[in-house]
Amino acid sequence: MRSFKKTIHSLGFLYGNRDFFPDQLVTEARADLARFCEQTGLRAIQLGEQDSKLGGVETLADARKCAELFKGHAEELDGIVVVLPNFGDEKGVTEVLRLSGLNLPVLIQAYPDDLKQLNPARRRDAYCGKISVCNNFVQAGIKFTLTARHVSHPASQEFAADVQSFLGVCRVVKGLRGVRLGAVGARPGAFNTVRYSEKILEKHGISVTTVDLSEILAKAGKLDTGAAAVKAKLAEIEAYAPAPGVPPEKLLQMAKLGVILTEWMEANALDATAIQCWTSVQQNFGCNVCTLMSLMSEKFMPSACEVDVTGALTMFAMQLAARSPAALVDWNNNYADDDDKCVLFHCGNWAKSLLPDIKIANAPILGSTLGVENTYGALEGRAPAAPLTFGRLTTADAEGRIRAYVGEGELTNDPLDTFGNRAVARIPRLQQLLSYVCRQGFEHHVVMTCSRTAAVLAEALGNYLGWEVYHHRSLPSA
């Protein structure tokens, strides 16, 4: 299991220079970026001023030095920022990335010119140089990210926002390369919707480890009630959420199940799980696993219902972008006659961060056929008004590829009288989105975070990982 909550990011800074432009512009840029890194807590990995002319990259020799530096810090680097204080040398900049062999996200920044200083002593022409660098990158097959404005100063708010978004892209790309997923049990028989291709995921470096649910339940059933691990897990559950009316023996069952799931995840170094949450758990063990899944998701080890493996993958990607827990939800109900609103629901396992009124309860729908006494462990709670990013990854098995959609909206405080984990969402052009979901054969499950990170996800999944992404926007694309 890996942690992606680290607060310090490491970026490689590469300063492009062209010999007949003013050299002092490189020195000034280094000072600007040093201040930026100090203010934002970033760690800069870059050539020293003595390693090349002023620490810039202009010649092949400079490029080789910079490439070796980046290779030496490959494990630490999250991404690379190309800084253009002037036109820059597009060949030198491109050679750094080719020679380093690092397949990292790259952000290209270019300085703006001052209309009052277009004389030879202060002229930059980075506006033009950026286009040349991008042209060379495209020729070389190097993926890159652009700033929102073509040119921006490192002291500007726009650049700060660009870097924060870029760091989100870096987290998603780095996190999804080599992610390890766990599938606990077989998918429910009625849920063809959560079928997926392990082979397609494996082709993209995503592994799936499986285990029969009976093995987990059998081991949990044999645990000694007085075992230290069981007591610790029970205390964790009791501290996590109130459980009014839940029989103590049901909390103990959850604790035993939680111990075995944790041991299995640690033994297999898993980052996320998808669990056969019904109906076998209720029939053969006598409780719901929702509380445990919520607890794991809150700790950035997302867990999806109904063995929805690509749902768990989506949760993992979206929590990396948002740096907050993700929830698997159903596109569940219309909201009266409002075409841009709907009800999001699960019975439910959403992370505690999304549910200020969280409590452990039972699952009335499942209880109607399985017996309410066998469904304790489901959660009750309403997600309040908040920003919303939604998304979904899936394997398009017949085409042999991974596909996704992402978008943004908001959670509202509109009245909603029901049970389980629930929210009201307002999404511009929701009817068009749902038409796309249906026609393209996506699952009824979608993932949400309380964030504004759809653009980050689209950039990471589409540009760098090469997956097909539909980015749903307030206005249709031109």
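The values are calculated or read from the model by the stated rules, or taken from the named source; none is laboratory data. The shown structure was predicted, so the numbers you read here are calculated from the model rather than taken from an experiment. Heads up, the Cβs are rebuilt from the backbone with ideal geometry, glycines too, and the neighbour counts pull from every protein chain shown. All accessible areas refer to the heavy atoms of the entire protein, side chains included, with ligands and DNA or RNA removed. Shrake-Rupley method; radii C 1.70, N 1.55, O 1.52, S 1.80 Å.
Things worth noting here:
- Given (1) farther than 21 Å from Asn349 by Cα; (2) part of a loop (DSSP other than H, G, I, E, B); (3) in contact with a strand residue (DSSP E or B) (Cβ under 8 Å, 6 or more places away or on another chain); (4) not basic (Lys, Arg), index of the condition Gly466 fails: (3)
- Matching residues, region 436-456, being over 18 Å from Trp331 (Cβ atoms) and either surrounded by 24 or more Cβ atoms within 10 Å (Cβ to Cβ) or of a type outside the set (S, T, N, Q) (or both): Arg452, Thr453, Ala455, Val456
- Residue in region 250-261 that is under 30 Å from Gln440 (Cα atoms) and open to solvent by 30 Å² or more (accessible area, probe 1.4 Å) present: no
- Enumeration of residues in region 367-393 that are of a type in the set (A, V, I, L, M), over 31 Å from the mean Cα position of the chain (by Cα) and surrounded by 15 or more Cβ atoms within 10 Å (Cβ to Cβ): Leu370
- Candidates are the residues of region 192-229 that are open to solvent by 40 Å² or more (accessible area, probe 1.4 Å) and among the small types (Gly, Ala, Ser); the one that is farthest from Ala322 (Cα to Cα) is Gly226.
- Test result for Ala232, of a type in the set (A, V, I, L, M, F, W, C) and part of a helix (DSSP H, G or I): yes
- Subset of region 101-139 [open to solvent by 10 Å² or more (accessible area, probe 1.4 Å), of a type in the set (Gly, Ala, Ser) and either at pLDDT below 95 or within 29 Å of the chain's Cα centre (by Cα) (or both)]: Gly101, Ala121
- No other residue among Leu60, Leu69 is of a type in the set (A, V, I, L, M), open to solvent by 60 Å² or more (accessible area, probe 1.4 Å) and more than 21 Å from Ser165 (Cα to Cα) apart from Leu60.
- Phe36 vs. criteria surrounded by fewer than 22 Cβ atoms within 10 Å (Cβ to Cβ), of a type in the set (Phe, Trp, Tyr) and within 20 Å of Phe166 (Cα to Cα): yes
- Qualifying position, being touching a strand residue (DSSP E or B) at 6+ places or on another chain (Cβ under 6 Å) and either closer than 30 Å to Gly205 by Cα or of a type in the set (D, E, K, R) (or both), among Ala361, Ala312, Ala321: Ala312
- Residues in region 78-130 that are under 22 Å from Ala160 (Cα atoms) and basic (Lys, Arg): Arg124, Lys130.
- Condition check for Gly189: out of contact with any strand residue (DSSP E or B) (no Cβ under 6 Å at 6 or more places or on another chain) and surrounded by 13 or more Cβ atoms within 10 Å (Cβ to Cβ): no
- Subset of region 278-302 that is assigned to a loop (DSSP other than H, G, I, E, B) and open to solvent by less than 10 Å² (accessible area, probe 1.4 Å) - its residue that is nearest to Leu313 (Cα to Cα): Pro302
- So Glu306, is it farther than 15 Å from Leu379 by Cα, assigned to a helix (DSSP H, G or I) and open to solvent by 10 Å² or more (accessible area, probe 1.4 Å): no
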